[in-house]
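Colleague: Please find one structure pasted underneath; my questions will follow.
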Amino acid sequence: MRDVIIIGSGPAGLSAAIYAKRAGLDTLVIDESAIGGGQVVSTYEVDNYPGLPGITGMELGEKLKTHAQSTGAEFMEASVLSVKKDNNIFFITTSEGELECRTVIAATGAEHRKLSIPGEEELQGMGVSYCATCDGAFFRKRTVAVVGGGDVALEDALFLARGCEKVYLIHRRDSFRGAQILVDRVKTTDNIEIIYDSRVTKILGDDMVERIQLENVKTNMNSELAVSGIFIAVGMNPVSELFDGLVDMENGYIVAGEDGVTSLEGFFVAGDLRTKKLRQIVTAASDGANAVGSATEYLNKL
């Protein structure tokens, strides 16, 4: 019987593991990946995590996991198949068997929605990015493209325009679905060029992004743009199917405040899986610590 089982080993899950062991809790972390680190390991360089400027995503993921292991937290490489609660006990069925615990911290995160086009996977972290605030600084005085039509895409274009020579904003429709105030700002920013009715069909480059291919969805005309980077902002997909029907959700995200407390007693959430505004490594790490604080309070009352 564990005090806490953490599902997911990204920054939120690993932070939770560190704080759980420091709180004296019998802790197990379960993840399908043996590496740990979550999304961060696919980031070429992390330049906004306090105290570690310029560290690669793989290095940061390794440091986080090594820290968690040094505290005595245990790890299991397995797929979680189901989570159930009965009489204040959680029963977690995995590909390696069934486990029992008193509390659960869900930290399975969210995945960036992808375009699923040639070159996207091959050049991820080499000019293909899903986070302008994370990677934008690497493209100062260069030409980049942003793909999307919602608030995030508009905000990304404006953010990048501050440091980039030129920003192409590519949208498959003839109007944006984002806030009008953002649309107006984009349209009046000199170094942002909007390309409507178009979709990116291919990302090209040898070791880095060099250009992208476009198709006009109305005329079927093809064209190319020379860019050093492409920022894809077409939405996120929370990894929450496992918890469907177990706790309250909103658009697939588990509803919880900064304390990580969900609608099910003893079940907590941390990281990108939680309903919140900013999804970054630093906020995920904070969530992990907060969730453990709430879990400890809950355990003390049992």
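Since every read-out is calculated from the coordinates, none of them should be taken as a lab result. Because the structure is a prediction, the values reported are computed rather than measured. Heads up, the Cβs are rebuilt from the backbone with ideal geometry, glycines too, and the neighbour counts pull from every protein chain shown.
Colleague: Please give the calculated 222 nm ellipticity per residue for the chain, where each DSSP H segment of at least 4 residues contributes -39500 (n - 2.57) and the sum is spread over every residue; nearest 500 deg cm²/dmol?
Modeller: -7000 deg cm²/dmol
Colleague: Now a separate question. If you take every DSSP beta bridge fully contained in the chain, what fraction is antiparallel? Give it as a percent rounded to 5.
Modeller: Antiparallel bridges: around 45 percent, rounded to the nearest 5.
Colleague: Which of the aspartates and glutamates could a cross-linker span from residue 187 if the Cα-Cα distance has to be under 15 Å and same-chain partners fewer than 8 positions apart are dropped?
Modeller: In chain and number order, the partners are 151, 155, 156, 174.
Colleague: Which cysteines in the chain lack any other cysteine whose Cβ sits under 4.7 Å from their own Cβ?
Modeller: Lacking a cysteine Cβ partner under 4.7 Å: 101, 164.
Colleague: How would you classify region 114-232 from its alpha-carbon gyration tensor, with a ≥ b ≥ c the square roots of the eigenvalues: rounded for a/c under 1.5, else prolate if a/b is greater than b/c, otherwise oblate?
Modeller: Since a/c reaches 1.5 but b/c is at least a/b, the shape of region 114-232 is classed as oblate.
Colleague: Each residue of region 58-72 in turn: what ³J(HN,Hα) in whole Hz from Karplus with 6.51, -1.76, 1.60 and θ = phi - 60°, glycine and Pro shown as x?
Modeller: My calculation for region 58-72 gives 4, 5, 5, x, 5, 5, 5, 5, 4, 4, 4, 5, 5, 7, x Hz in order.
Colleague: Does anything in region 230-244 have its amide N under 18 Å from the 7 Å Cα→Cβ label point of residue 114, and if so which residues?
Modeller: It comes to 230-240, nothing else.
Colleague: Okay, next question. Which one, 52, 14, 273, has the greatest fluctuation when you compute a Gaussian network model over the chain with C-alpha springs under 10 angstrom?
Modeller: Evaluated over the chain, the most mobile residue of the options is 52.
Colleague: In nanometres, what is the gap between the two model label sites at residue 77 and residue 151, each 7 Å from Cα along Cα-to-Cβ?
Modeller: So the label points at residue 77 and residue 151 sit 4.0 nm apart.
Colleague: Shifting gears a bit: Contact order normalised by length for the chain, with contacts defined as Cα pairs under 8 Å and 6 or more residues apart; what percent is it?
Modeller: 20
Colleague: Please list 3J(HN,Hα) in residue order for region 257-265, calculated via the Karplus relation 6.51 cos²θ - 1.76 cosθ + 1.60 where θ = phi - 60°; whole Hz, with x for glycine and proline.
Modeller: x, 5, 7, x, 6, 9, 6, 10, 4
Colleague: Only one of the listed values, [x] 66, 39, 32; [y] 63, 34, 32; [z] 125, 47, 29, was derived from the coordinates as Cα extents along the principal axes in Å; which label is it?
Modeller: Given [x] 66, 39, 32; [y] 63, 34, 32; [z] 125, 47, 29, the calculated one carries the label [y].
Colleague: For region 119-168, what relative contact order do you get, as a whole percent, if you take Cα pairs closer than 8 Å and at least 6 residues apart?
Modeller: 39
Colleague: Once phi is turned into ³J(HN,Hα) by the Karplus curve 6.51 cos²θ - 1.76 cosθ + 1.60 with θ = phi - 60°, what whole-Hz value does each residue of region 173-189 show in order, with x for glycine and proline?
Modeller: 10, 9, 8, 8, 9, x, 4, 4, 5, 6, 4, 5, 5, 4, 5, 9, 8
Colleague: Could you let me know the centre-to-centre spacing of region 106-122 and region 156-171, using Cα atoms, in angstrom?
Modeller: Value for the Cα centre distance between the two parts: 21 Å.
Colleague: In this model, which of 141/276; 21/63; 85/301; 65/85 are farther than 21 Å apart at the alpha-carbon?
Modeller: Checking Cα-Cα distances, 141/276; 65/85 exceed 21 Å.
Colleague: For residue 170, enumerate residues with amide H under 5 Å from its amide H, sequence gap 5+ or separate chain, H modeled in the peptide plane.
Modeller: HN-HN under 5 Å from residue 170: 146, 147, 148, 195.
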